[in-house]
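The values are calculated or read from the model by the stated rules, or taken from the named source; none is laboratory data. All of these numbers come straight from a predicted model, not from anything done at the bench. Cβ coordinates were reconstructed from backbone atoms using ideal geometry, including for glycine residues, and neighbour counts include every protein chain displayed. When the accessible area is computed, the model is the full protein with side chains, heavy atoms only, and any ligands, DNA or RNA have been set aside. Shrake-Rupley method; radii C 1.70, N 1.55, O 1.52, S 1.80 Å.
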Amino acid sequence: MNIYVLLKQTFDTEERIVIQDGEVSDDGVKYVINPYDEYAVEEALRQKEQHGGNITVLSIGPERTAEALRTALAMGADDAVLITDERIPSDEFSVSKVLAAYLEKQSYDLILGGNFSVDSGGGQVAVRVARLLGIPHTSSITKLEINGTQAAAQRDAEGDTESLIVTLPAVFTAQQGLNEPRYPSLPGIMKAKKKPFQTLTLDDVGISEADLAARTKRVSLTLPPARKAGQILKGDLPQQAAELVQLLRTEAKLI
């Protein structure tokens, strides 16, 4: 089974966000595999352990993204492909077009990705790739079982669970709870250095810059306003309740 994992490198979620000149500053920031993409990598490894095959991790981003791909290789993926080109906009439409252009020339049975990326939160790339490739997709899965050309998936549906049967090839995006990602082992880290790693540009993929015009544009980027200090209500319970109602009405405008 040929498995592809769509992977993105993002800020470590524990990093402090600093905005300079309307952009997030990456000075001294640690980058990691997007946490939801880690679930996708782990699921690919588990499916390979059951059914055999090959796992390719695929990403678009700057050259530093290679670090995230090598981490996935150390976890157990077989090879990696990094498409890096300054002509690719960060817009999710543009990114999905490039990924689909690459994938349509490959042989794939299963494509996995994260439910969304923690930096942009759009959750559109994998779904758009499925649409462009003309194959089914299921998002936010919490369980995946494959039997031949059929996949039984359970997905998170706003607090409930949906069960679906999907014909492969198909795209699935991983939700928290699908699995527990493994840590790269020392032997895995050493082996990762020798695994195939391709670095491509738009010219290699065979898609032109004209086909990638962004469909969205970020107008501004600001941090949320600082939270105000909390208030401690004094007096007996009836007095506190009366003051709380008054504050909700006059300050919070909730009632």
Those lysines that a straight Cα-Cα span of less than 18 Å connects to LYS217, excepting residues fewer than 8 apart in one chain: LYS97
Using a Förster distance of 41 Å, the FRET efficiency for GLN231-GLU86 (Cβ separation, nearest 0.05): 0.25
Set of lysines with alpha-carbon distance to LYS228 below 25 Å, sequence-local pairs under 8 removed: LYS253
Table column - 3J(HN,Hα) (Hz), the stretch 116-127, Karplus curve with 6.51, -1.76, 1.60, x for Gly and Pro: 6, 9, 6, 8, 9, x, x, x, 9, 4, 4, 5
For LYS191, solvent-accessible area (1.4 Å; no DNA, RNA or ligand), Å²: 130 Å²
Farthest positive-ward along the stretch 2-212 dipole, Cα basis, beta-carbon charges - from THR149, THR167, VAL81: THR149
Residue order for THR10, THR84 - accessible surface, 1.4 angstrom probe, largest first: THR84, THR10
The chain shape via C-alpha gyration tensor axes, a/c threshold 1.5: prolate
Packing-based order for 193-199, 32-38, 216-222, using average beta carbon neighbours within 10 Å, highest first: 32-38, 193-199, 216-222
Relative contact order (%) - the chain, alpha-carbon pairs under 8 angstrom, separation at least six: 23 percent
Assigned charges on the beta-carbon of Lys, Arg, Asp, Glu; the chain dipole about Cα centre (debye): 140 debye
Surface accessible to a 1.4 Å probe, LEU254 within the full protein complex, Å²: 130 Å²
For the stretch 60-76, 3J(HN,Hα) per residue [Karplus equation, 6.51 cos²θ - 1.76 cosθ + 1.60, θ = phi - 60°, Hz, x = Gly/Pro]: 10, x, x, 4, 4, 4, 4, 4, 5, 5, 5, 5, 5, 5, 5, 5, x
